[in-house]
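J.: Okay, here's the structure, questions in a sec.
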Amino acid sequence: MRISRFPLSLKILLCGLILLSCSFPQASTSTPIVEAPTNIEVPAKTSAPISPQCASPSYCTRIKVSTTSDWTAVRLTSGGTLHDIIVTSSSQEALSAGLEGDTILLRQSMAGAQAGNTVELVVEALLADLNQANSLKFEIERGHIGATRVDIFSYYKGPATVVSSFTWDGIQPAGNNAQTYEVSPQSFLGAASAALNEYIVIGQLNFWYYGPGFWGGFENENHQRNTPLTPLLGETYYGADPSVISQQIEWAVEYGVDAFSIEWTTPRGVGKGNDMEETLDDNFLKAPNVNKVRWVIDYDFPLRLDQTPGLDVNVVPNINFDQPDVYNTFVSDFVHFATKYFGNPQYLTIDGRPVVYIWATNSFIGNLAGAMQEARDQVSKLGYDVFIVGDEVCFGCFNRQHAALFDGNSTFTMLIPGLDPAAMPDVGKAAVKVDDTFKWWTKQIAGLKVAGRNDLVNFQPAWAPQYDDRKFNLVHPTFVPALGRDQVVQMAMVARKYAEPVGSKGMKLIWINTWNNWAETTTIEPTANLGPKYPAGNYGFDMLEVVREVFGNETYPVSQVPE
């Protein structure tokens, strides 16, 4: 579904010790708990230079632990070893903050925990015995109150950068109250591994936000706010604001989003809606940091037909390609994409093939095969072999010839044709249904070749963290909330499970729908920290943290800025 509207010296000394040497003696496993200095503020990202000694066979890392529990312990249980651990900072309120062997321990008073207070501890350490094939497994153990969050930093790209974050806030039914989390070793293995960006994560970015008022994209037909969320960028921000776009790009790169799929509805100057191509041309593609990300066209063909004056088309109940204006508009749009955008250096490609995602293709009927082939032929004359991804997936309905028209098959959110939203009261239940659907669909397309090619149809999962359009769709609303962060992880893991490699580099494309569709609450863009996070509340950075946790923080190398 879419919306048509749219104490400083000591700190330096301690940090320098770990960063400028990689040959400390091995820490004794019988080391008693070390009280950390209590007059040092928890540091932000370090700007200290990184020593080249922080390389194979040991890799520098920073671990930040914060807890609202009365005590917590963090340890690396497999996939590598931690040594030369140095406590660099801790909260003044912590009763103890230090080490016991290679276990990181942090305590505060019970009264503080019961009041919900947070204490923090930061250590610098060396990681050794890493193997690209084995994940690092960290265990968080804590008391039966509050929660513990761990941020893992890597230095291989320069200054310390968060590569994984996880929070344990549950209670185990028996035994130690502990939970294990996995971290990719690729975040530490250096430049050679940096190229191994396995998951290409693509978030749908919408430009239809134009500030306050009915046409600003944040109000419904009753002139009331259409979303329960408050964007961190502002309650009613402008999608075309250069500072907004620049921040969106920075967040994407920091949290492992490789590309944006830009919703496209009409050519510049054409249409009844706001001109999103103008924003693409004049703002997004001219952003000073656009060289950090890739982008693709998210072709919203139904809205293209709806917003273009003068077309003789009927799109209810299906889009029929036997209608000349439907067929010809589709073909001409692909020529437009190729002529104007496919040569852009940041455009996402697979082995040189520009990627286009088309929404709602499972509703296309008539001579779609002819239109697809003519579009491919016309684009080929312009020097491009387009890779087309169709929104094809449904449950219990499969048309082999239809699915084969597309290089990739995908979906949009958990609201997949054939699934009953009423059977998905929350994202956890929805994840089970989506898993069943993806399993069924991938069996249907197994061995299926793309029409006119020897390539197999590639499955490219799409997912959303939740869905809530009750403030926008006042007639037939849908509510599939995430009841907790764990459910968002569950849904993301379903997408990761079914992603198939494509192209010579074995890329696995993951579509997140969406980055910022606020009216449907399918967003991963950060929100303000207001009220409870779940269900369907202001989740802060949770969604982006899940993306980084499940798919890794690796993104494309930064491109050179064209002169």
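What follows draws every value from the coordinates through simple rules; no lab data is involved. For clarity, every value in this text was computed on a predicted model and none was experimentally measured. Virtual Cβ from ideal backbone geometry, glycine too; neighbours counted across all protein chains shown.
J.: So what's the net charge close to residue 78: Lys and Arg +1, Asp and Glu -1, counting the other residues with Cβ under 15 Å from its Cβ?
T.: -2
J.: Here's something else I'd like to know. How big is the dipole moment of region 144-267 about its Cα centre under a simple scheme where the beta carbon of each Lys and Arg is +1, that of each Asp and Glu is -1, and everything else is neutral? Debye, nearest 20, please.
T.: Here the size comes out at about 240 debye.
J.: Can I ask one more? Taking the simple approach of a point 7 Å from Cα along Cα-to-Cβ for both residue 176 and residue 270, what is their distance in nm?
T.: Output for this residue pair reads 6.3 nm.
J.: Taking the convex hull of the Cα atoms, report for region 521-563 its projected area averaged over all directions, in nm².
T.: 4.7 nm²
J.: Counting Lys and Arg as +1 and Asp and Glu as -1, each charge on the Cβ, what is the dipole of the chain about the Cα centre in debye, to the nearest 20?
T.: Charge dipole, the chain, about its Cα centre: 600 debye, nearest 20.
J.: A further question on this structure: Rounded to the nearest 0.05, what FRET efficiency is calculated for residue 422 and residue 128 with R0 set to 45 Å and r the Cβ-Cβ distance?
T.: 0.30
J.: Continuing with the same structure: Given the chain, report the % of alpha carbon pairs whose separation exceeds 32 Å.
T.: When all Cα pairs of the chain are counted, 48 percent exceed 32 Å.
J.: Something else about it: I need the Kirkwood Rh of region 207-257: take the reciprocal of the average 1/r across all distinct C-alpha pairs and report it in angstrom.
T.: 11.8 Å
J.: May I pose another question? Using mean Cβ contacts within 10 Å as the protection proxy, how do 69-77, 291-299 order, highest first?
T.: Answer by packing, highest mean first, reads 291-299, 69-77.
J.: Next question. Contour minus end-to-end for residue 377 and residue 137, with contour as 0.36 nm per residue of separation and end-to-end as the Cα-Cα distance?
T.: 81.4 nm
J.: In addition: Rank these for me by crowding, 304, 353, going from fewest to most other beta carbons within 10 Å.
T.: Going from sparsest to densest Cβ surroundings: 353, 304.
J.: Can you tell me which lysines have their Cα less than 26 Å from the Cα of residue 286? Leave out same-chain residues fewer than eight positions away.
T.: The reachable lysines, counting only those whose Cα sits under 26 Å from residue 286, are 157, 272, 340.
J.: In debye, nearest 20: dipole of region 255-393 around its Cα centre with unit charges on the Cβ of K, R (+) and D, E (-)?
T.: 400 debye
J.: Using the charge dipole of the chain (Lys, Arg: +1 at Cβ; Asp, Glu: -1 at Cβ; taken about the Cα centre), state which of 399, 341, 76 has its Cα farthest towards the positive end.
T.: Comparing the listed Cα positions along the dipole, 76 ranks first.
J.: Moving on. Calculate the spin-label point distance for residue 224 paired with residue 397, positioning each point 7 Å from the Cα along the beta-carbon direction, and give it in nanometres.
T.: A separation of 3.2 nm, rounded to one decimal place.
J.: Express the Stokes-Einstein translational diffusion coefficient of region 65-115 in µm² s⁻¹, to the nearest whole number, given a Kirkwood radius over alpha-carbon pairs, 10 °C and a viscosity of 1.306 mPa s.
T.: Once the numbers are plugged in, D ends up at 134 µm²/s.
J.: How compact is region 465-521 by the rule of thumb for globular proteins, expressed as Cα Rg over 2.2 N^0.38 Å?
T.: Scaled against compact globular proteins, the figure is 1.44.
J.: Quote to one decimal, in nm, the extra length available between residue 100 and residue 448 on full extension: 0.36 nm per residue of separation minus the C-alpha distance between them.
T.: Gain on stretching residue 100 to residue 448: 119.7 nm.
J.: A further question on this structure: Pulled fully out, how much extra length does the chain show between residue 432 and residue 497, if you take 0.36 nm times their separation in residues and subtract their Cα-Cα distance?
T.: The span from residue 432 to residue 497 would gain 22.2 nm if fully extended.
J.: Identify, among 459, 523, 535, the residue whose Cα sits farthest towards the positive end of the charge dipole of region 442-563, taking +1 on the Cβ of Lys and Arg and -1 on the Cβ of Asp and Glu, with the dipole about the Cα centre.
T.: The residue sitting farthest along the positive end of the dipole is 459.
J.: Further question: Using a Förster distance of 51 angstrom, determine the FRET efficiency expected from the C-beta separation of residue 332 and residue 144, and round it to 0.05.
T.: The formula returns an efficiency of 0.20 here.
J.: Further, regarding this structure: Say the dipole of the chain comes from +1 at the beta carbon of Lys and Arg and -1 at that of Asp and Glu; which of 197, 512, 389 then lies farthest toward its positive end?
T.: 197
J.: Pop the C-beta distance of residue 474 and residue 81 into the FRET formula with R0 = 51 Å and round what comes out to the nearest 0.05.
T.: So the FRET efficiency works out to roughly 0.35.
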